[in-house]
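Student: Below you'll find the structure I mean.
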Amino acid sequence: MNLLIDLGNSRLKWVCAENNEFQFGQTLLHSEITPQTLHNLWQDLQPEKVGISCVGKAELLNVITAMIRELWRGISVNFAMTQTQVFGITNGYFQPEKLGVDRWLALIAVRQKTNMPVCVVDCGTAITVDVLNEKGEHQGGLICAGLTLMKTALAFNTADLPLTHSQHDVGLSISTEAAIYNGSLFAACGLIERVIQQLPENTMLFLTGGDAEIIAAQLKIELILETDLVLQGLAITLR
C-alpha cells in the first residue's frame with residue numbers, strides 16, 4: 001500500500017492506494033493540519049512508499065514530512081515535480097518548472113486514459129485550464145479565481161457584499177447572497193464554455209477538483225467528471 005498526499009491551496013487530501021484502488025482518508029483544511037491530527041489519522045497505516053504533491057505552504061509541508069519521518073523511519077518519500085517531458089506528454093511552458101505540479105499530475109492522469117485531445121479543468125481554490133493535443137503536447141492554459149475565492153474577493157473588497165457559503169437556486173437572483181453565488185458560478189461556467197468553443201470538436205473535457213461537481217451540473221457540454229485526477233497522476237508517478 002502507498003500513501004498519496006495532495007497538499008493543495010486550501011486542503012490536504014490523502015488516500016491509501018493499492019492495486020489501482022483508492023481508499024480515501026479524511027480531508028483536512030490547512031488550519032486542521034497539526035502533528036497530533038496527522039498522527040491520529042496515520043498511526044495505524046503501514047505504507048511502503050509515500051508520494052506528495054504540494055502547492056500549499058512550505059511550513060505545512062514541513063509538518064507533514066516530519067510526521068512521516070516520525071511514524072515510518074527510513075520510508076521512501078517521493079515529492080512530485082513538474083518536468084519537461086514524461087509519460088507521453090510535453091510541457092508547453094517556456095519555464096517548465098513554473099507549471100503547477102497539481103496541473104502537471106492531472107495531465108499525466110488524463111493522458112493515461114486517452115490519446116484524444118483533452119481539456120482538463122481543475123475546479124479548486126483557483127480554476128485552472130490546461131489543454132493537450134492528440135500528440136500529448138501541452139498547448140497552454142488559463143488560471144482564474146475559484147468559486148470561493150471569487151466570493152471572498154467581493155466580500156473583502158466591497159462595503160456591502162457579504163461572504164456566504166450557502167447554495168441557492170440557479171438563475172437570476174432576488175437576493176444579494178444568491179446573486180453572488182450565481183455570478184461566481186456563471187463566471188466559472190462561462191470560462192469553460194469559451195475555452196471549449198475554441199478547441200477542436202473532438203476535444204474531451206475533464207473536470208476535477210473540489211467544486212467540479214457543482215460546476216459540471218451547470219454545463220451543457222459533454223464532460224468526464226474525475227474529482228481526484230491529481231492523486232491519480234501521483235499514483236502513476238509513484239509506480
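Read-outs: derived from the displayed coordinates by stated rules, not from any lab. Keep in mind the model is a prediction, meaning the values are calculated, not measured. Note: ideal-geometry Cβ built from the backbone for every residue, glycine included; neighbour counts use all protein chains shown.
Student: What helices does the chain have that are whole DSSP H segments, at least 18 Å long along their own axis by Cα, and with mean Kyte-Doolittle hydropathy of 0.5 or more?
Tutor: 58-71, 176-197
Student: Search the structure for amide H atoms under 5 Å from the amide H of Gly146, placed 1.01 Å from N in the peptide plane, and list their residues when 5 or more places away or on another chain.
Tutor: Those qualifying (amide H under 5 Å, at least 5 residues apart or on another chain) are Ala126, Ile127.
Student: Which peptide among 172-184, 48-60 comes first, and what is the full order, when sorted by highest mean count of other Cβ atoms within 10 Å?
Tutor: Descending mean neighbour count gives 48-60, 172-184.
Student: Follow-up question, since we're still on this one. Determine the dipole magnitude for the stretch 74-202: charges of +1 sit on the beta-carbon of Lys and Arg, -1 on that of Asp and Glu, nothing else is charged, the reference point is the Cα centre, and the result goes in debye to the nearest 20. Could the numbers behind the result be given before it?
Tutor: Details: 7 positive and 11 negative charges, 58 e Å.
Roughly 280 debye for the stretch 74-202.
Student: Rounded to whole Hz and in sequence order, give me ³J(HN,Hα) for the stretch 161-170 from the Karplus expression 6.51 cos²θ - 1.76 cosθ + 1.60, θ = phi - 60°, writing x for Gly and Pro.
Tutor: For the stretch 161-170, the Karplus curve yields 9, x, 8, 9, 10, 6, 9, 9, 4, 7 Hz.
Student: If you don't mind, there's one more thing I want to ask. Students often check this: by mean Cβ neighbours within 10 Å, which of 215-226, 159-170, 16-27, 127-138 ranks highest, and how do the rest follow?
Tutor: The densest-packed peptide leads the list: 127-138, 215-226, 16-27, 159-170.
Student: Cα extents of the stretch 16-139 along the three principal axes, largest first, in whole Å?
Tutor: Dimensions of the stretch 16-139 along the principal axes of its Cα atoms: 45, 30, 24 Å.
Student: Take the Cβ-Cβ distance between Glu59 and Gln112 as r, set R0 to 30 Å, and report the resulting FRET efficiency rounded to the nearest 0.05.
Tutor: Rounded to the nearest 0.05, the efficiency is 0.35.
Student: Any idea what Rg and Dmax come out to for the stretch 151-199 if you just take the C-alpha atoms, in Å?
Tutor: In Å, with Rg to one decimal and Dmax whole: 12.6, 40.
Student: Also: Taking a quarter of the surface of the convex hull around the Cα atoms of the stretch 96-238, what do you get in nm²?
Tutor: The number I arrive at for the stretch 96-238 is 9.3 nm².
Student: Below 15 angstrom from the Cβ of His138, what's the summed charge of the other residues (Lys, Arg +1; Asp, Glu -1)?
Tutor: Once positives and negatives cancel, what remains is -2.
Student: Ok, one more. Rank Leu205, Cys144, Leu71 by how far each Cα sits towards the positive end of the charge dipole of the chain (+1 on Lys, Arg Cβ; -1 on Asp, Glu Cβ) and give me just the farthest.
Tutor: It is Leu71.
Student: Can you pull the three principal axis extents for the Cα set of the chain, in Å, largest first?
Tutor: Principal extents (Cα only, largest first): 57, 44, 32 Å.
Student: Of Leu107, Leu223, Thr125, which is farthest along the charge dipole of the chain in the positive direction, counting Lys and Arg as +1 and Asp and Glu as -1 at C-beta?
Tutor: Checking the options against the dipole of the chain, the answer is Leu107.
Student: Bins of 5 Å, beginning at zero and ending with the bin holding the largest distance: percent of Cα pairs per bin for the stretch 11-64, please.
Tutor: Going from the shortest bin to the longest, the percentages are 4, 15, 31, 28, 15, 6, 0.
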